[in-house]
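Any read-out appearing in this document is the output of simple, stated calculations on the displayed coordinates, not a laboratory observation. These numbers come from a predicted model, not from an experiment. Cβ placement follows ideal geometry from the backbone for every residue including glycine, while neighbour counts extend to all protein chains displayed.
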Amino acid sequence: MLAAFLVLFPPQTCDVTYVRHAETVANATGRYNSRTLNVFSELGNQQVKALTDRLVAGKPFDTILVSPSERALRTIGPYLRATGQKAIVWPLLYECCTGRRKGAVATRFGYSGKVSIPPGLGGLFTTIPGSDRLPNSPTYGAGLAQVAECLKVFRAKYAKGRVLVVGHSGHGGHFWYGLTGKRRQVKNAQEMTTIIR
């Protein structure tokens, strides 16, 4: 009886690919400021091209979710242009939880400004009305709460079919651990793939 049920109604699975944005000048130099945070290094530009080529050669995605940070949007923009797809800018993917804090617990996070799409990327991204505010997670505990909310909404709303998620290292490491139960180093412009049920 169970076998017949599973044939008629197979368990829903989700094939998730997570990608951190390409290397920025800030990543390469360790100097984080408004002039380095969202500008790709020479290696970063090469990573964007290589990532685009790999993704174009693969199977298409049912859903593409992207952090609202400019570096994440610019990492996936060429792929979207090449394939004619649109991605959802999902604020809960915004960077947080940089650096590890032993014993930290989730607290609360809030929201601040609105999402904006940088010049030259118009038409590639969509925002969800009512979900277009940037998270404000000023502490590590607030960041953990943001990731927890991200995981909860992802499982409830987006965890079906093939999903591409483009984000960051700190948030991405916690997001990946929440999905898989495994810790992984989140490298610039390198795909990590898992299947969740």
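Okay, here's what the table says:
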{"quantity": "Percent antiparallel among DSSP beta bridges (both partners in the chain, rounded to 5)", "calculated": "40"}
{"quantity": "Packing-based exposure ordering (other Cβ within 10 Å, fewest first) of 23, 42, 191", "calculated": "42, 191, 23"}
{"quantity": "For region 114-171: rounded, prolate or oblate by the Cα gyration tensor [a/c cutoff 1.5]", "calculated": "oblate"}
{"quantity": "Set 86/152; 102/157; 49/152; 49/86 screened for pairs whose C-alpha atoms are more than 26 Å apart", "calculated": "102/157; 49/152"}
{"quantity": "The chain, relative contact order [Cα under 8 Å, separation at least 6], %", "calculated": "35"}
{"quantity": "Region 33-82: trypsin sites (Lys or Arg not before Pro) falling in loop per DSSP and having at most 15 other Cβ within 10 Å", "calculated": "35"}
{"quantity": "Among (i) 10.6; (ii) 12.8; (iii) 13.7, the entry derived from the coordinates for mean projected area of the Cα convex hull in nm²", "calculated": "(ii)"}
{"quantity": "Charge dipole of the chain about the Cα centre (unit charges at C-beta), most positive-ward option of 79, 13, 55", "calculated": "13"}
{"quantity": "Trypsin sites (Lys or Arg not before Pro) within region 93-127: DSSP coil, no more than 15 neighbouring Cβ in 10 Å", "calculated": "100, 101, 102, 108"}
{"quantity": "Cβ charges +1 (Lys, Arg) and -1 (Asp, Glu), total dipole of the chain, debye", "calculated": "400"}
{"quantity": "Fewest-first sequence of 39, 48 by Cβ atoms within 10 Å of each Cβ", "calculated": "39, 48"}
{"quantity": "Rough spin-label spacing in nm, given labels placed 7 Å along Cα→Cβ, for residue 104 and residue 53", "calculated": "3.7"}
